[in-house]
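Working notes, structure below.
Any read-out appearing in this document is the output of simple, stated calculations on the displayed coordinates, not a laboratory observation. Being a predicted model, the structure only gives us computed values, none of them experimental. Cβ placement follows ideal geometry from the backbone for every residue including glycine, while neighbour counts extend to all protein chains displayed.
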Amino acid sequence: MLIITGSEGNIGRRLRRAFPGCVGIDRAAGAEIRADLSTADYGEPMIAAALRDADALIHLATSANPDAPEAAHWQAVIDATRLFAACAEQGVGRIVVASSDWAAPKNGAAINSYGRSKLALESLAAMYAVGPRSARVIRVGWVPHDPAALAAAPDWLRQNHWDDDRLIAEFRQALSSEE
């Protein structure tokens, strides 16, 4: 079984369609498990059982806003730390972590707290991949909510656009690849 955190967000909804039968965890309506990762009780029977039954987990539940307050990005790292520890405790064999090109900005842009939080998530994924577990990180490109936004986007953003086919292929590859 596959779990997707942030299942009701922009990317989560796309991946849910691509992976029928997955279990969504999100604070928004529509998820099989309604939980805010900031306050989730990983010992709660429904969450613990889902993690125990999971072969893999895709972690998307972070702020998608590079300009969000620094506190939001600190919280994303804290939330991922708690989640990954619960996954390790319950025996989830593989995690796939969505990162961003903001972790290594291009075109001379300075890294911000969003990018640093993504680097921290990448490090947490590497820490998770010890022993029998594995982890993959995907630096996801721009996936607009509305595909029509592509036409009006600046060149640098259009060059980093990921359509649904690429998005799904990257996650399928990460879930199926061996160490």
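Using θ = phi - 60° in the Karplus curve 6.51 cos²θ - 1.76 cosθ + 1.60, the 3J(HN,Hα) couplings for the range 149-157 round to 5, 4, 4, 8, 6, x, 3, 4, 6 Hz; x is entered for Gly and Pro. Each residue of the range 92-99 was assigned a 3J(HN,Hα) from its phi angle through the Karplus expression (A = 6.51, B = -1.76, C = 1.60, θ = phi - 60°), giving 5, x, 9, 10, 10, 10, 7, 10 Hz with x at Gly and Pro.
Amide H contacts of residue 100: 140, each under 5 Å away and 5 or more positions distant or on a separate chain (H built 1.01 Å from N in the peptide plane; Pro and chain starts excluded). Between the helical axis of 70-90 and the longest alpha-carbon principal axis of the chain there is an angle of about 30 degrees.
Here is how the number arises for the chain: DSSP H runs of 4 or more residues each give -39500 (n - 2.57), the sum is divided by the residue count, and the result at 222 nm is -13000 deg cm²/dmol. Out of (i) 37; (ii) 26; (iii) 54, which label holds the value of percent of Cα pairs over 26 Å apart that was computed here? Entry (ii).
Couplings for the range 118-126, taken from phi via the Karplus curve 6.51 cos²θ - 1.76 cosθ + 1.60 with θ = phi - 60°, read 5, 4, 5, 5, 4, 5, 4, 5, 5 Hz in order; Gly and Pro are left as x. Protection proxy ranking for 160-166, 132-138, using the average of other Cβ atoms within 10 Å per residue and placing the highest first: 132-138, 160-166. Where does the charge balance sit around residue 137 when Lys and Arg score +1, Asp and Glu -1, over other residues with C-beta under 10 Å from its C-beta? Value of the local net charge: +2. Distances between placed amide hydrogens fall under 5 Å for residue 95 paired with 57, 134, 135, 136, all partners being 5 or more residues away or on another chain. Close amide H pairs (under 5 Å, H built 1.01 Å from N) link residue 23 with 2, 3, 4, residues at least 5 positions away or on another chain.
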